[in-house]
């Protein structure tokens with residue numbers, strides 16, 4: 001279960017206390033509900049039922065006929081509609097509907113109000129509203145926290161740590177600056193920047209077009225189309241064994257090539273062991 | 001000790017306390033006046049943590065983001081799992097931060113650098129030896145650049161392993177791959193600028209490969225180098241790419257990337 005936000009918990013506790021107090025005042029309610037504090041919903045429902053009951057009782061007593069067979073339409077509404085129909089049919093409707101009905105319902109609908117429309121309509125259609133816009137439709141509840149301070153503090157700490165790391169490393173280690181560039185003096189070995197050393201490593205195995213253009217091009221292309229090829233929706237590792245395997249092989253392929261190119265290639269770009277011949281590598 | 005000193009000592013401390021409280025009250029009043037002034041209130045919008053009388057409330061927490069320029073980057077609320085460092089490792093954010101750091105240090109370096117065959121290397125030498133913090137800033141720029149390549153790469157791996165490239169985030173992944181490529185290009189174009197042996201020959205190796213592009217390999221290489229071989233023209237060309245064109249392009253892609261993160265529903269859900 002997701003963790004409930006603190007302010008909601010607090011609000012619930014307050015409401016519960018309030019209801020407990022109210023039920024304490026009304027003794028008959030307290031006796032009927034055994035688990036009052038644990039069931040706030042039931043408590044809220046109880047007074048509503050109580051309010052509803054007298055209304056139904058009054059309607060039954062007033063109309064004198066129970067209308068449960070009419071599909072659950074409240075009695076007083078059926079009564080009203082019957083009267084209205086009778087009024088439209090002719091004057092005798094008044095007598096038919098008479099009886100002991102003496103509620104407030106009776107007074108309003110019988111004489112047509114002065115402001116009726118052409119066909120005696122008492123309502124007008126103002127607009128049609130799509131149900132979605134007036135009915136509260138809730139999406140799945142997402143557990144969220146405020147960006148400030150929860151995210152921003154983490155970000156701030158991360159930037160500080162990163163700055164400190166770069167600063168300290170820069171104070172300790174100097175960036176390389178070799179002699180002035182000279183096109184007539186080729187260093188041995190000549191190496192590309194480290195992130196391209198995988199490609200340079202491929203050059204030892206393939207034609208330059210394959211190693212320098214086709215393979216990296218294909219690699220980038222495959223990366224880009226990955227989301228359109230992998231159409232599974234789950235992001236749980238156990239459902240993605242194939243994708244994870246392929247990607248890990250892809251990463252390891254480049255990592256191994258870069259490491260070999262960086263540390264295991266010496267003069268003439270020949271294979272060497274760094275512990276025998278030293279490291280031929282500049283960042 | 002106070003009792004041993006007697007009335008004299010206690011009288012002196014009373015006086016100093018009086019001055020202390022007065023000073024404190026005065027400075028507090030001054031602080032309130034400054035904090036409440038029109039200037040401060042016009043700078044810090046309601047809800048800013050720097051605004052006078054900020055209190056920690058859900059409303060103000062929302063305002064901190066909603067009422068500031070940060071709202072362009074972050075929503076008011078984020079998923080709880082999204083703020084866990086163990087989920088993102090801050091890699092995307094750190095890549096962006098390193099980009100800013102590189103921009104700042106790069107602008108500093110531009111004050112001392114001329115992209116010509118005759119002067120480039122000398123300028124770097126002077127920067128190292130004769131400019132205050134010159135060596136330090138150059139080191140930061142270089143190490144920061146290598147670190148950024150690494151963080152962008154690791155960010156991509158993190159996103160893949162979380163399956164975060166899946167719908168509806170497919171296109172943002174594509175933009176991410178483009179950003180990775182642009183990062184590599186930025187790093188590579190910067191590699192030539194010191195104009196030392198390391199730079200020249202690393203770039204020679206790299207551009208020789210581009211010359212093997214099918215059909216128009218020769219043209220690609222010529223367009224990149226500005227000449228048949230690496231020369232001063234190449235230096236000027238790559239300098240412009242490095243300080244203007246590529247940063248301009250990458251900023252646009254970054255803007256779309258960050259915008260899409262939010263439009264696609266924030267960062268991907270927990271596993």
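Assess whether residue B:45 counts as being outside any helix (DSSP H, G or I) and either within 13 Å of chain A (Cβ to nearest Cβ) or farther than 30 Å from residue B:155 by Cα (or both).
In short, yes.
What tally of residues in segment B:170-188 results from selecting those that are closer than 21 Å to residue A:242 by Cα and crowded, with 22+ Cβ neighbours inside 10 Å?
1
So, of the residues in segment B:228-240 that are surrounded by fewer than 17 Cβ atoms within 10 Å (Cβ to Cβ) and modelled with pLDDT of 90 or more, which turns out to be nearest to the chain's Cα centre (by Cα)?
Going through the qualifying residues, I end up with B:240.
Can you say whether residue A:153 is surrounded by 10 or more Cβ atoms within 10 Å (Cβ to Cβ) and either within 14 Å of chain B (Cβ to nearest Cβ) or at pLDDT 70 or above (or both), as far as the supplied structure shows?
Yes; evaluated as a whole, the condition is true for this residue.
Residue check, residue A:214 against (1) in contact with a helix residue (DSSP H, G or I) (Cβ under 8 Å, 6 or more places away or on another chain); (2) within 9 Å of chain B (Cβ to nearest Cβ); (3) not in a loop (DSSP other than H, G, I, E, B), all met but one. Which one?
Among (1) in contact with a helix residue (DSSP H, G or I) (Cβ under 8 Å, 6 or more places away or on another chain); (2) within 9 Å of chain B (Cβ to nearest Cβ); (3) not in a loop (DSSP other than H, G, I, E, B), residue A:214 violates only (1).
Quick check on segment A:156-177: of everything there that is surrounded by 17 or more Cβ atoms within 10 Å (Cβ to Cβ) and in a loop (DSSP other than H, G, I, E, B), which residue is farthest from the other protein chains (Cβ to nearest Cβ)?
Among those that are surrounded by 17 or more Cβ atoms within 10 Å (Cβ to Cβ) and in a loop (DSSP other than H, G, I, E, B), it is A:177.
Among the residues of segment A:221-236, how many are surrounded by 13 or more Cβ atoms within 10 Å (Cβ to Cβ) and modelled with pLDDT of 90 or more?
Total satisfying the criteria: 8.
Across segment B:162-186, what is the number of residues that are more than 7 Å from chain A (Cβ to nearest Cβ) and in a helix (DSSP H, G or I)?
Qualifying residue count for the region: 11.
How about segment B:206-230: which of its residues are facing chain A (nearest Cβ under 9 Å), closer than 18 Å to residue B:191 by Cα and part of a helix (DSSP H, G or I)?
B:206, B:208, B:209, B:210
Among (1) more than 25 Å from residue A:245 (Cβ to Cβ); (2) at the interface with chain A (Cβ under 9 Å from one of its Cβ atoms), which single condition is residue B:156 missing?
Checking residue B:156 against (1) more than 25 Å from residue A:245 (Cβ to Cβ); (2) at the interface with chain A (Cβ under 9 Å from one of its Cβ atoms), the one that fails is (1).
Just give me the residues in segment B:53-65 being on the phi < 0 side of the Ramachandran plot and surrounded by fewer than 18 Cβ atoms within 10 Å (Cβ to Cβ), in sequence order.
B:54, B:55, B:56, B:57, B:58, B:59, B:62
The values are calculated or read from the model by the stated rules, or taken from the named source; none is laboratory data. In this text, all values refer to a predicted model and were calculated from it rather than measured experimentally. FYI the Cβ positions are ideal-geometry reconstructions off the backbone, even for glycines, and counts take in every protein chain you see.
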